[in-house]
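**Student:** My structure is below; once you've seen it, I'll send some questions.
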Amino acid sequence: SVTLRYFCYGCLFTSVTWSVLLFLYFSLGQDGGRPTFRYVPIQGPQAHRFQPRFSKGPGGYPPYSEQLNQLAFFIHHPIFSFSGMIFNEQDQEVRDMGYHRHAFNVLISNRLGYHRDLPDTRDDKCRDMIYPLSLPAASVVICFFNEAFSALLRTVHSVLDRTPAYLLHEIILVDDSSELADLKEDLDSYVQQHKLQVKVKVVRNEKREGLIRGRMIGASHATGEVLVFLDSHCEVNEAWLQPLLAPIQRDHKTVVCPVIDIISADTLAYSPSPIVRGGFNWGLHFKWDTVPASELNSPDGAVGSIRSPTMAGGLFAMDRKYFNELGQYDSGMDIWGGENLEISFRIWMCGGQLLIIPCARVGHIFRKRRPYGSPGGQDTMAHNSLRLAHVWMDEYKYLNLRPELRERAYGDISERQAVRQRLQCRSFKWYLDTIYPEMQVASPHNKPQQPVFVNKGLRRPKVLQRGRLRNLKADKCLVAQGRSTQKGGAVVLRSCDTHNPEQEWAYDEEHELILAGLLCLDMSEIRSSDPPRLMKCHGSGGSQQWTLGKSNRLYQVSVGQCLAVVDPISPKGYVATAICNGSQSQQWQLEG
Ligand code: LR7
Ligand code: MN
């Protein structure tokens, strides 16, 4: 009978649903499938101090639940692109304020929480690498100024979650006199509430010191054998520490950097970086260089280490005694900039070596601007660069000196010159000839390069769809208000015209919308309430990333809202992003 049939359908439906749910819960709730640290036996110099507790599975750090984490992963994983969706004014406030204060999408960062899974970006061979059982334990030093709480905590927890406890001596957080209300109290109470004090120590600077003196202060509190420095918006990846510690154990004058993976500032998506090494230009800006084939193809290449002329600065590990012996940092350098080249030159010129370790992966949020200045508004990069040039660059320093810098005072450098003397360091010419022969002495004007774009290369993303972009409510098409080639120009709705190439949009695999083959539909990062405009395509997603789904809505990934016609009957044809509501004024069709 009909009733029986529906009853059976009901049973079938319920049982299938439950099986699927249970399957998901159990298969994803386990840590199977992902490599953990189980292969590291309970041994090592610190074994008597801490019971090795593994990052995942039994005995993890308190609020951590693998199952919940998996659920959060499903809901908020950036591949679903909707993790930044704005549901109300409060969300919008969090987002806009976040961009203003931190220059990245704090709404998504908050929703991600303090633990998340990351794609394992290492070469497959890294998983088979075997490291010594006994390695020196690390003090992780993280210096921060006004950091977003969720990003800071995710940095800390990624370290706790992915480091065998016996290798983690401590985490030292140096609060560089942050001004954000609540940050201090929130951090103190979090550490206390979750009983993190065993491993996590908070040091507070009475006044703003900048990241250079800040790290020196952190290091002076550290007692682990090795120092590991991280920025306050990082996430360490699977088995990140052992490959860094092993080379230091072999030779205490080896300084190592992980490969710095990219965490998008707009979506917080984690993606692998190509294996590149550090260089610089004559403006003393750090840049990434391709690795010479000889270096990459050496037997050690892809899984061992790569010699690097310089480091990016924020993420590296170094023997603590060697850090002191080598002269720490230049304490005359302020706030930000230059210290990375200074320590790189010093390492190479004074008998050490600097390596990049491809099997160690740490993600870093790359921002398009720095959200803070120096207290007095000085250009600390120029000040710091002058100091390092005068101490380390011999006759080459003048290549760097822009005319306006020649007269500028840079303070007393005698203590740093004494360091160079004491360590009997080699000349800068030796460094260029031996360590960085690729450096072009003849072209002092190489432009600084953004690492974020390194892996985009010159490849043009494939176009998925072409046509006019018609709003279903207004029944009009999206066009440039002025010329379609004018950067910064607004877009409006006008009558559709199938023959007008100026109305043709291309939607590509990077989710960019390109008008007339030239400019991209773009949103302001700072004020999401500003209407969209046409800008040069930057190829790094976020503010130029739109998802065009089956529901015909056009979702802006970094703003978290949908494109809508403001007033469907007004001839002005204005458009703006608004909270997604599925109405017809938010529906678009890309018609060929
Ligand atoms: O006054 C300050 N006090 C601080 O404690 C200013 C900053 N900081 C903290 C800040 O909160 C952050 O944790 O110092 C850290 C670094 O500052 P960022 O993140 O603003 O710097 P950045 O990532 O833009 O800059 C890179 O170059 C800097 C030069 O001084 C430092 O060496 C950074 O550590 C370095 N970051 C990296 O190397 C990560 C990879 C980037 C690349 C390439
Ligand atoms: Mn940083």
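Please treat every number below as a calculation from the coordinates, not as lab data. Because the structure is a prediction, the values reported are computed rather than measured. Reconstructed Cβ throughout: ideal geometry from the backbone, glycine too, with neighbour counts over all protein chains shown.
**Student:** Which percentage, to the nearest 5, of the DSSP beta bridges contained in region 208-344 is antiparallel?
**Tutor:** Roughly 95 percent of the beta bridges in region 208-344 run antiparallel, per DSSP.
**Student:** If you count, for each residue, the other Cβ atoms within 10 Å and average over each peptide, how do 556-564, 278-286 line up from highest to lowest?
**Tutor:** Ranking the peptides 556-564, 278-286 by packing returns 556-564, 278-286.
**Student:** For the chain, what is the percent of antiparallel DSSP beta bridges, rounded to the nearest 5?
**Tutor:** 65 percent
**Student:** For the chain, list log₁₀ I(q)/I(0) at each q in 0.09 Å⁻¹, using the Debye formula over Cα point scatterers of equal strength and ignoring solvent, two decimals each.
**Tutor:** Log-scaled intensity ratios, in q order: -0.79.
**Student:** Counting only the backbone N, which residues of region 192-233 are under 17 Å from the spot 7 Å out from the Cα of E185 toward its beta-carbon?
**Tutor:** 192-193
**Student:** Under a point-charge model restricted to the Cβ atoms of Lys and Arg (+1) and Asp and Glu (-1), what is the dipole moment magnitude of region 189-282 relative to its Cα centre, in debye to the nearest 20?
**Tutor:** Result for region 189-282 is approximately 440 debye, rounded to the nearest 20.
**Student:** Of M535, M523, how do they rank once you tally other Cβ atoms within 10 Å and put the fewest first?
**Tutor:** Ascending Cβ contact count within 10 Å gives the list M535, M523.
**Student:** On to the next question. Do me a favour and compute the ellipsoid semi-axes for region 145-281 from its Cα gyration tensor, root of five times each eigenvalue, largest one first, whole Å.
**Tutor:** Each semi-axis is √(5λ); the values are 24, 19, 17 Å.
**Student:** Suppose R0 equals 35 Å; then what is the FRET efficiency for I526 and V463 from their Cβ-Cβ distance, rounded to the nearest 0.05?
**Tutor:** 0.75
**Student:** Also: List the GluC sites (Glu not before Pro) within region 497-579 that fall in a DSSP loop (any state other than H, G, I, E or B) and whose Cβ has at most 11 other Cβ atoms within 10 Å.
**Tutor:** E509
**Student:** May I ask for the angle, rounded to the nearest 10°, between helix 66-76 and the longest principal axis of the chain, with both axes built from Cα atoms and the value confined to 0 to 90°?
**Tutor:** That helix lies at roughly 60 degrees to the long axis.
**Student:** Continuing with this model, one more query. Put +1 on the Cβ of every Lys and Arg and -1 on every Asp and Glu Cβ in the chain; which of V203, S134, V362 then has its Cα farthest towards the positive end of the dipole?
**Tutor:** Towards the positive end, the residue furthest out is V362.
**Student:** Right, next: Going by how many other Cβ atoms sit within 10 Å of their own, how do M381, M318 line up, fewest first?
**Tutor:** M381, M318
**Student:** Could you tell me how far the Cα centroid of region 331-408 sits from the Cα centroid of region 512-555, in Å?
**Tutor:** If we compute the Cα centre of each part, the gap is 35 Å.
**Student:** Helix-only estimate, please: 222 nm mean residue ellipticity of the chain, summing -39500 (n - 2.57) across DSSP H runs of length 4 or more and dividing by its residues, to the nearest 500.
**Tutor:** The per-residue figure over the chain is -8000 deg cm²/dmol.
**Student:** Something else: So the label point goes 7 Å from the Cα of E89 along Cα→C-beta, right? Which residues of region 572-591 then have their backbone N under 17 Å from it?
**Tutor:** Under 17 Å, as judged by backbone N against the label point of E89, lie 578-580 of region 572-591.
**Student:** I've got another one for you. Do the alpha carbons of any pairs in K199/K321; K368/K487; K287/K536; K199/K368; K462/K550 sit beyond 28 Å of each other, and which pairs?
**Tutor:** K199/K368
**Student:** Taking the number of other C-beta atoms within 10 Å as the exposure measure, put M439, M393 in order starting with the fewest.
**Tutor:** Listed from fewest to most nearby Cβ atoms, that is M439, M393.
**Student:** Identify unpaired cysteines across the chain, taking unpaired to mean no other cysteine Cβ lies under 4.7 Å from the residue's Cβ.
**Tutor:** Flagged as lacking a Cys partner: C8, C11, C143, C234, C257.
**Student:** Looking at the square roots a ≥ b ≥ c of the eigenvalues of the Cα gyration tensor of region 499-592, which shape do they give, rounded for a/c under 1.5, prolate if a/b is larger than b/c, or oblate?
**Tutor:** It comes out rounded by the Cα gyration axes.
**Student:** While we're here: Under a cut-off of 20 Å between alpha-carbon atoms, report the aspartates and glutamates in cross-link reach of K125, not counting same-chain residues fewer than 8 places apart.
**Tutor:** E238, D261, E295, D300
**Student:** Next up: Quick one: Karplus J couplings for region 89-102, per residue in order, coefficients 6.51, -1.76, 1.60, θ = phi - 60°, nearest Hz, x for Gly and Pro?
**Tutor:** With the stated coefficients, region 89-102 comes to 5, 5, 4, 4, 5, 4, 5, 5, 4, x, 4, 5, 7, 10 Hz.
**Student:** If you fit an axis through the alpha-carbon atoms of helix 2-29 and take the longest principal axis of the Cα set of the chain, what angle between them do you get, 0 to 90°, nearest 10?
**Tutor:** 10 degrees
**Student:** Moving on to the next point. For region 92-160, just say rounded, prolate or oblate: build the C-alpha gyration tensor, square-root its eigenvalues into a ≥ b ≥ c, call rounded for a/c under 1.5, and beyond that prolate if a/b exceeds b/c, oblate if not.
**Tutor:** Since a/c reaches 1.5 and a/b is larger than b/c, the shape of region 92-160 is classed as prolate.
**Student:** Continuing with this model, one more query. Just how large is the dipole of the chain about the Cα centre, in debye to the nearest 20, putting +1 at every Lys and Arg Cβ and -1 at every Asp and Glu Cβ?
**Tutor:** Around 520 debye, computed over the chain.
**Student:** While we're looking at this one, here's another question. Can you compute the charge dipole magnitude of region 299-423 about its Cα centre, using +1 on each Lys and Arg Cβ and -1 on each Asp and Glu Cβ, nothing else charged? Give it in debye, rounded to the nearest 20.
**Tutor:** 380 debye
**Student:** Here's something else I'd like to know. Can you give me the angle between helix 210-221 and the longest principal axis of the chain, using Cα atoms only, in degrees from 0 to 90, rounded to the nearest 10?
**Tutor:** Relative to the chain, helix 210-221 is tipped by roughly 60 degrees.
**Student:** Relative contact order of the chain: what whole-number percent is it, with Cα pairs under 8 angstrom and at least 6 residues apart?
**Tutor:** 13 percent
**Student:** When a/c reaches 1.5 or more, the comparison of a/b and b/c decides; with that in mind, is region 191-345 rounded, prolate or oblate per its Cα gyration tensor?
**Tutor:** It comes out rounded by the Cα gyration axes.
**Student:** Ok, one more. Give me the number: length gained by fully extending M129 to Q192, i.e. 0.36 nm times residue separation minus the C-alpha to C-alpha distance, one decimal in nm.
**Tutor:** Length gained between M129 and Q192: 19.0 nm.
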